1. Work out the length of the dipole vector of the stretch 170-279 about its Cα centre, built from +1 on the beta-carbon of each Lys and Arg and -1 on the beta-carbon of each Asp and Glu, and round it to the nearest 20 debye.
2. Return the long-range amide H neighbours of I176 (sequence gap of 5 or more, or a different chain), with a cut-off of under 5 Å between placed amide H atoms.
3. What does the helix-only formula give at 222 nm for the chain: each DSSP H stretch with n ≥ 4 adding -39500 (n - 2.57), the total divided by the residues, and the result rounded to the nearest 500 deg cm²/dmol?
4. Place a +1 charge on the Cβ of each Lys and Arg in the stretch 188-376 and a -1 charge on the Cβ of each Asp and Glu, then give the dipole magnitude about the Cα centre in debye, rounded to the nearest 20.
5. Using alpha carbons only, how many angstrom separate the centre of the stretch 289-341 from the centre of the stretch 37-105?
6. Hey, what do the phi angles of the stretch 252-258 turn into as Karplus ³J(HN,Hα) couplings, whole Hz, using 6.51/-1.76/1.60 and θ = phi - 60°, x for Gly and Pro?
7. Name the residues whose placed amide hydrogens come within less than 5 Å of the amide hydrogen of L280, ignoring near sequence neighbours (fewer than 5 apart) on the same chain.
8. Out of [x] 21.9, 82; [y] 21.1, 62; [z] 21.3, 66, which label holds the value of Rg and Dmax of the Cα atoms in Å that was computed here?
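We did not get these values from a lab; they are worked out from the coordinates using the rules stated. Note that the structure is predicted; figures quoted are calculated from it, not measured. Cβ atoms come from the backbone with ideal geometry, glycine included; neighbour counts cover every protein chain shown.
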Amino acid sequence: MIHLFVDASAASSGSGPTYVRNVVPHLAATADLRSTVLVSPLLCQELLQEFQDQSNLSFVEFADESVGAATRFFRAQRLIPELIRRSGANVLLSAGNIALFRSPVPQILLSGNALYTSRDFFRDVIQRRDYKLWLDTKFKGQMAKWSVRSADCTVAPSQAFADEIQRWTGVRALAIHHGFDRKFFFRDTQPLPEELKKKLDRTSDELRLLLVSHYNYYRNFETLIRGVAVLRKSELRKSIEPRQVKLFLTSRLDPGANPGSFRTETAARLVHELGVASNLVELDAVPYHLLHHVYRACDLYVTPAYVETFAHPLVEAMAAGLPVVASDLAVHREVCEDAALYFPAFSPDLLAETVSRVAQSPDVSQKMSERGLERSRDFSWKDHVARVIAVAESLLK
C-alpha cells in the first residue's frame, strides 16, 4: 500500500489552500491509499472537522510562525524528514515548489510558480522599485531550481509550464493538469452575506467584468483598469451602450488589504487619475464556497495576467458559463483552447476591443459560453489525484 506524505505546509493563501481542499477528498476516497497531510494550523482545523471520520487520512499541523522565507526553508529541511519517518509514509508529495533536499523516501515535487522564470515579472518589480520583493523572489527561485534537480519527479500543472521548467533547469517535468470539481464548487446554496449581496445586486443596466484574484503585480491589474477607461471614454463605448461598464474585483486596492507584500498604491492612483472609480466594485476576498455566486452575477471574465502556470479562475468561469477574455499566454490557450478570445497582455486598447466584440454580439457570447462549459468538463481533480498516485507507484517500483 502507498502511504503518501503530503507536505502542504506552504499552502497559506491563494491557490495553495484551493489545491489542498480539492485534493484531500479524493485522497480520502482512494482505495489502498493512506495519506498524511502536513498543513498550517488554520487549514488543519478546517480539514479535521470535515474529514475526522476518515481512517486512511490524518493531518499534522506545521506553523510557520510568520517567519521569513529563508527561515521557513531551513526549518522545513530540518523538521519534515523526521515527521515523514514517524508517519511511516513511503512517498513524499512536496506541494509548495520547494523540495526536501534529503528526503527519506522517493519525492514528487509539485512546481507551480512561474514568477521565478518570468522576465516580465522581474522587470515589473524593478520598475516599481520593489527591490525587497525582487531579492526575495530571486532567493526563492534559486531554491525552486535546486528543488527540481533534487526531486525524483517534478509535476507541473500545465504543459506550457512543464516546458518552461525544462528550459530553466534542464530537467524534464511531467504535466498533470489541475482539476475542477463542479459538484463541490457549486454545492453551497446558503444566502450571501448582506454586504456582498448588495454589491452584486444589479441596480442598472451594466456590462459586468470580473477578475478573481487578490491584488498582485503579475495579474496585471493596471492594464485591466486602463482597459476599463478605454471602454468608458473611447468610441468603443457606443458598442456597449446603454450599459455601463462595471469591473468587479475580489480584492481591495487599499494598502495592506491583500495577502503578500504587493503594494497597491500604483493601481489605486491609476483608478483616480483615469476617473474610473465609479466603474470599480471592490468585493474584497470572497470565501471559496461562495465564489460561484460572484461568477454567475457577472457577464464576462477578463484576465490580463502576464504570467501563469494554470489559472484556476479560468476553469471556474467557464464552468459558470462566463465568456472568457484572456491575455495571450501559452498557459491560457492550453486551459481554454477555443473557448476564449485573446489579446496582448500589455495592451489595454486591444483588451477593450476584445471585450467590446463579445459584449456587442449575443451570438459570440453564447457560443463562447457553451464552448467554455464543454471545456470545463475536461478538468477533474479525481483524474489529477489518480495520475499523481500513478507517479508514486512508479517511483516505488
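1. Working: 20 positive and 13 negative charges, 54 e Å.
Dipole magnitude for the stretch 170-279 comes out near 260 debye.
2. Residues meeting the amide H criterion: A156, S158.
3. Working: 17 runs with 186 residues, N = 397.
That calculation yields -14000 deg cm²/dmol at 222 nm.
4. Details: 22 positive and 26 negative charges, 72 e Å.
Value, rounded to 20: 340 debye.
5. Taking the Cα centre of the stretch 37-105 as reference, the centre of the stretch 289-341 is 31 Å away.
6. Whole-Hz 3J(HN,Hα) from phi for the stretch 252-258: 10, 9, 7, x, x, 8, 10.
7. Under 5 Å from the amide H of L280: L247.
8. [z]
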